[in-house]
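Remarks on the structure that follows.
The values are calculated or read from the model by the stated rules, or taken from the named source; none is laboratory data. Computed from a prediction, not measured in an experiment: that's the story for all the values here. Neighbour counts are summed over all protein chains in view; Cβ atoms, including those assigned to glycine, are modelled from backbone coordinates with ideal geometry.
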Amino acid sequence: MLFNDYVFIGAFLPITLLGFHLVGGRGRQRPAAFWLVLASLVFYGWWNPLYVPLLLGSILFNYLLGQRLATTEPGSSAKALLVTGISANLLLLGYFKYTGFLVETWNGVAGTAWAAPKLILPLGISFFTFIQIGYLMDAARRETEDGGFLDYCLFITFFPHLIAGPLLSHREMLPQFSKSRLQLEPDNLMIGLTIFLAGLFQKVLLADSISVFVEPVFHAAATGGSMSTAQAWAGALAYTLQLYFDFAGYSDMAIGLARMFGILFPANFNSPYRAVNISDFWRRWHITLSEWIRTRVFMKMTGRRATRARLYGATLVSMTLCGLWHGASWNFIFWGALHGLYLVIYYNWRALPLARRVAPLFDGWWGPLLARGLTFLCVVVGWVFFRARDWNAALALLGAMAGRGAGTGAALNLDSKAAFLWIAALLSLAWFAPNVQQWMAPVRPTLDPVDEPARRPWKPAVLTGLALGALLFLVVKGYFTLAPTQFLYFNF
Amino acid sequence: METPSAPAAPPPPTAPWRGYARYCLAMVAGFGLALAAWIGAIQLQFGAPTAKGRWTAEVTAIKARIAATTPSPKLLVVCGSNGLFGIRSELIERETGWPSVNMSNHAALGIHYLLWQARAAAKSGDVIVMPLEYELYQETGATTEILMEQVLQGTPDYLRTMGPAPYLRFILSVKQERVLEGLQAKLRPPVLPTGGYQARTLNAHGDETNNRHEKAHLSAEETRWTSTIDGISPESISWGELRRFREWCRDHNIRLLASYPATIYFPVYEEARWGRTVRQIEEFYRSLDVPVLGTPRDFMYDRSFFYDTAYHLTDRGMEQRTRRLIELLRPHLGEHPHLARRGGQASGAQSSAR
């Protein structure tokens, strides 16, 4: 079941909200939490009920281990427990996500012909594994609160974030379950619905619409088909925008759904294509994953006083792991390493005296514009590796973008003019329009404070309602005229 | 090191309950207004000519006119284009004395549409011969582009036959670009391309006359056997459509005869799996008490008899197929009631009067 699925919107969500209201009304907190856990398990099991026991087993294991860690004196036994816990989580993730990749790589290196097991990747395993590893690490530092098994279960299974994030922290969630009123409130419901619809609009009308320009180009790159330079750029830019509106749309839907139940999520996107450098980009793109990697991997590797070499090494390793987290393929690993390299180059540049000397030259309006353009270009190049079928396909597409090996692309059946019109429209939105958090700033849409609230923020006015209703009509219409697609981040 | 976030709670309500209720109602109203505007835009462009649906719309209009001016009792051929290119109703009329109208149209219009068209044309006492394409037994109810064009351009009345859910599905399936094209065509009728099939090549009975043997151009891509070779899904909506049509015919004193489409012979049609498909069709019609004329093999021909698709015969194939159909029809038709009354003197008069 996907958030944009009519079964979810037409049946699951209304039933869950109604049940939440009936069970949790008049402040009955525990029954409300239990109902949400139950609904979340149904949501997860809808895809494949066989993996519900796996999810529950993982939750129980980590909860018990977290309890034990929280009461164990810091020392070698706590460390051993923590290493056991992290290893068990990584083994489970590795088994489902990386076994095939490792076998294939081994076969390639050693010339063997081992058969890779055909495993179905449990939905959301990358997300719930990382969330729980974070929980164990904090438990070992005695920074966790015990809200009981039910709250822990809700923290992990709560359906708005279960299968594609945001990556939550127990510090952000558990206090909400114990201190907030788990009760349906009209304002939360309407605010949540508004955020959800804004996300649905981004997914169905923006991401899905522009996706038609992506596949032909990447397919041609993978199969040696001819494409013009303009078509190659159209494909790469269209994917850059598709991925953003798809994932940002998903994140907004998740934030909106949680808000309907009175729960606040952290922000996951903050107009990343407006970033003026690559470090800024990673503070705006998939914020919760960046933060997890920064605090759980990067900072562990650098320690408090790192040498420059160690800092750069940690950056490269962290970003390569970030790439590997996205999927078991060399393309993802390279994409992560490439971003690591971008960051190292950026840190180096910042440290150069030359950078300080030339900085005043870029004080005008063109400075940030140039920086934004350069950062965006680097990101687009990265997405080519992220999306391409393999290394050669990525190089072929980048070559065509640079004018090398580009053909007429007559057989590609891609209207470059239409593609660039869409790209220009969506890029304008990504660059200049306020994002959903900024628009909804007065009602605190996420846990994080909103920088730069929109000049004309949201309010529950009749005119806004009318406009949203009309947008909803376009979304519903999109179900009938656009080819259905999955959320891209469900693959990770 | 990460600093713990403060326990969070949503801020207090920003508007009174009534404010949110108004907002919610406005959302519903916005949806309703957008839907109404959309339906209005579609209605405004009804009948606007566009390149895609031109031929089917013209063919439909011509055939409806022929059917309306042909006195009953008459014989109607109802099916997809295998009948248009493969049955000469002019010959049937000449040989049997039954005024005959070839109502066959594009098979992609779907079973529901073709039967709707048949209902509009048939009157008490008529005989309907229905050699449906095999794919018409295997339908999901999805709206094809051909059907959409046909409804928007040729027969918007068809929408009235739909229930609320199919109506909404149809309306919402129309693309924005198509509505814009229709509105533009309404304001300034476009110059439509003149290539492809032409409605002017139909004869006075609705038969295609341009499928000349020497002009055949069947491509390898079109040389294929039916997709129903492995059987027809019991879930297909066609079974229900045909059952309802049978009841309608019975209620309106219309005789229904089934038959098989003309198609290219392939050795695969000797296999047991194809035998099962045919039995499915036969048993279905038997359960409805509808006679079936011949067998699929009676209407299978060498590919050299086909014009441009595996269902479109050339004029030579058309002649052979029609003669075989007439042989099979005779025992069921008997003499035309008017001819019987007049002692057979009026033979051919219907045709020349038209």
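Among the residues of the range A:438-469 satisfying the criterion of being part of a helix (DSSP H, G or I) and buried (at least 19 other Cβ atoms within 10 Å of the Cβ), which is farthest from the other protein chains (Cβ to nearest Cβ)? So the residue we want is A:Gln438.
Among the conditions (1) farther than 30 Å from B:Asp157 by Cβ; (2) within 7 Å of chain A (Cβ to nearest Cβ); (3) at pLDDT 85 or above, B:Ala34 misses just one, which is (1). Could you tell me how many of the residues in the range B:255-282 are in contact with a Phe, Trp or Tyr (Cβ under 8 Å, 6 or more places away or on another chain), assigned to a loop (DSSP other than H, G, I, E, B) and not polar (S, T, N, Q)? Residues that pass the stated criteria total 5. Of all residues in the range B:182-222, those satisfying the criterion of being over 20 Å from the mean Cα position of the chain (by Cα), part of a helix (DSSP H, G or I) and surrounded by 11 or more Cβ atoms within 10 Å (Cβ to Cβ) are B:Gly182, B:Leu183, B:Gln184, B:Ala185, B:Lys186, B:His213, B:Lys215.
Yes or no, residue by residue, for (1) assigned by TED's automatic domain parsing to the domain that holds A:Gly165; (2) among the basic types (Lys, Arg); (3) surrounded by 13 or more Cβ atoms within 10 Å (Cβ to Cβ); (4) farther than 26 Å from A:Thr295 by Cα:
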| site | (1), (2), (3), (4) |
| --- | --- |
| A:Met319 | no, no, yes, no |
| A:Cys322 | no, no, yes, no |
| A:Trp325 | no, no, yes, no |
| A:Asn348 | no, no, no, no |
| A:Arg356 | no, yes, no, yes |
| A:Asp390 | no, no, yes, yes |
| A:Leu397 | no, no, yes, yes |
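Do we find a residue being assigned to a helix (DSSP H, G or I), at pLDDT below 95 and within 13 Å of A:Tyr273 (Cα to Cα) anywhere in the range A:359-368? The answer is yes; a qualifying residue exists. For the range A:258-324, the helices (runs of 4 or more DSSP H) that sit wholly inside it and include 3 or more residues that are more than 13 Å from the chain's Cα centre (by Cα) are A:278-284, A:299-302.
Assessment of the range A:402-413 against the conditions (touching a Phe, Trp or Tyr at 6+ places or on another chain (Cβ under 7 Å) and part of a helix (DSSP H, G or I)) yields no matching residue.
Filtering the range B:169-181 for residues that are at pLDDT 85 or above, buried (at least 17 other Cβ atoms within 10 Å of the Cβ) and more than 12 Å from chain A (Cβ to nearest Cβ) leaves a non-empty set.
Does A:Ile59 meet the test of being part of a helix (DSSP H, G or I) and either at pLDDT below 85 or surrounded by 13 or more Cβ atoms within 10 Å (Cβ to Cβ) (or both)? Yes. Determine whether A:Ala222 is away from every other protein chain (no Cβ under 13 Å), surrounded by fewer than 24 Cβ atoms within 10 Å (Cβ to Cβ), small (Gly, Ala, Ser) and farther than 19 Å from A:Phe385 by Cα. The answer is no for A:Ala222. Applying the criterion of being among the small types (Gly, Ala, Ser) and farther than 23 Å from A:Thr72 by Cβ to the residues of the range A:141-188, the residue that is farthest from the other protein chains (Cβ to nearest Cβ) is A:Ala164.
Can A:Leu93 be described as buried (at least 16 other Cβ atoms within 10 Å of the Cβ) and either touching a Ser or Thr at 6+ places or on another chain (Cβ under 9 Å) or within 19 Å of A:Tyr152 (Cα to Cα) (or both)? Judged against the criteria, A:Leu93 is a match.
Evaluated against (1) of a type outside the set (Phe, Trp, Tyr); (2) free of Cβ contacts under 8 Å to residues at least 40 places away in the same chain; (3) farther than 17 Å from A:Ile59 by Cα, A:Gly235 falls short on exactly one condition, (2). Against the condition closer than 30 Å to A:Arg387 by Cβ and outside any helix (DSSP H, G or I), how does A:Ala328 come out, does it pass? Criteria met by A:Ala328. Per the listing A:Ser251, A:Ser271, the residue uniquely closer than 30 Å to A:Leu13 by Cα, among the polar types (S, T, N, Q), surrounded by 22 or more Cβ atoms within 10 Å (Cβ to Cβ) and modelled with pLDDT of 90 or more is A:Ser251. Within the set A:Val384, A:Val379, the sole residue that is over 30 Å from A:Ala306 (Cα atoms), β-branched (Val, Ile, Thr) and either in a loop (DSSP other than H, G, I, E, B) or in contact (Cβ under 8 Å) with a residue 24 or more places away in the chain (or both) turns out to be A:Val384. The residues in the range A:16-55 that are of a type in the set (A, V, I, L, M) and in contact (Cβ under 8 Å) with a residue 24 or more places away in the chain can be counted, and the count is 10. Take the residues in the range A:358-380 that are within 29 Å of the chain's Cα centre (by Cα) and surrounded by fewer than 17 Cβ atoms within 10 Å (Cβ to Cβ), then tell me which one is farthest from A:Met401 (Cα to Cα). Among those residues, the one meeting the criterion is A:Pro368. Scanning the range A:4-15 turns up no residue that is in contact with a Gly (Cβ under 6 Å, 6 or more places away or on another chain) and assigned to a helix (DSSP H, G or I). The residues listed here are A:Phe196, A:Phe218; of these, the one that is more than 30 Å from A:Gly10 (Cα to Cα) and in contact (Cβ under 8 Å) with a residue 40 or more places away in the chain is A:Phe218. Kindly indicate whether any position in the range A:190-207 is more than 22 Å from A:Pro434 (Cα to Cα) and in a helix (DSSP H, G or I). Within the range A:190-207 (the criterion being more than 22 Å from A:Pro434 (Cα to Cα) and in a helix (DSSP H, G or I)), the answer is no, since none of the residues qualifies. Residues considered: B:Trp248, B:Trp225. Of these, the only one that is modelled with pLDDT of 85 or more and in a helix (DSSP H, G or I) is B:Trp248.
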